[in-house]
Amino acid sequence: MTASGFMHVLKTRVLEAVSPSEVLAERVILAVGEDGRIVTRAPEGSAAFDSLVDRVDCTLPDHCLLVPGLADLHIHAPQWPQAGKALDLPLEEWLGSCTFPLESRYADAAFAESVWQDLVPSLLQQGTTTALYFATIHEEASLSLARVCIEHGQRALVGLVAMDHPEPCPADDPPARPQDAISAAARFLSVVR
């Protein structure tokens with residue numbers, strides 16, 4: 001904690017979306033609390049800016065620009081190990097030969113955990129602070145994804161996948177009956193809450 005009562009007082013330019021069609025780059029002072037959250041945002045020219053300028057402990061160069069965390073609203077988490085692979089295949093062939101065999105491996109909770117422990121930190125390092133994850137049909141693996149998001153501080157919506165189309169499903173991962181999928185989703189929600 002600095003003498004100012006804040007963890008850090010940072011002078012920088014920030015990118016802010018004022019509306020869907022207007023984005024501004026504005027010079028501000030950000031005071032950050034002990035929990036890492038911004039507690040004061042003071043735009044240049046304001047009285048708050050002037051009162052904090054002597055407390056600044058870090059000034060980013062003019063060519064730097066802070067941007068808000070990114071939100072990815074469509075991530076098929078189990079497909080992370082195959083990202084960017086076999087893109088030359090038609091969708092049905094890709095699903096049958098690559099995706100579904102990979103997704104059946106998430107029955108192994110240790111395998112799932114190892115993927116999530118790579119996925120979540122990697123996305124955070126790239127600026128994705130909020131994610132909407134389509135997990136897997138495997139309850140424990142899906143719960144593990146939620147736990148890893150909490151562990152690493154990523155805001156996330158994690159959904160347990162319900163799959164009932166028998167043809168593309170691997171033989172060792174038969175589709176759930178609708179009532180079984182509903183029961184699994186209820187258990188999943190209960191534990192996540």
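The values are calculated or read from the model by the stated rules, or taken from the named source; none is laboratory data. Note that the structure is predicted; figures quoted are calculated from it, not measured. FYI the Cβ positions are ideal-geometry reconstructions off the backbone, even for glycines, and counts take in every protein chain you see. Note: accessible area is taken over every heavy atom of the protein model, side chains too, but ligands, DNA and RNA are not part of it. Shrake-Rupley method; radii C 1.70, N 1.55, O 1.52, S 1.80 Å.
Packing here is the average count of other Cβ atoms within 10 Å per residue, and on that basis the peptides 132-138, 36-42, 104-110, highest first, run 132-138, 104-110, 36-42. When the Cα positions of LEU15, HIS76, LEU52 are compared along the charge dipole of the chain, LEU52 comes out farthest toward the positive end, with charges on each C-beta of Lys, Arg, Asp and Glu.
Counting protein heavy atoms only, the stretch 114-163 has 57 percent of its accessible area on carbon and sulfur, 1.4 angstrom probe. Taking the protein heavy atoms of the stretch 1-103 in the context of the full set of protein chains, the accessible area attributed to carbon and sulfur is 58 percent at 1.4 Å. Considering the chain, its Cα convex hull presents a mean projected area of 15.0 nm².
A compact globular protein would have a Cα radius of gyration near 2.2 N^0.38 Å; the ratio found for the stretch 50-89 is 2.28. Accessible area per residue for the chain, computed on protein heavy atoms with a 1.4 Å probe, is 60 Å². Projected over all directions and averaged, the alpha-carbon convex hull of the stretch 109-155 occupies 2.9 nm².
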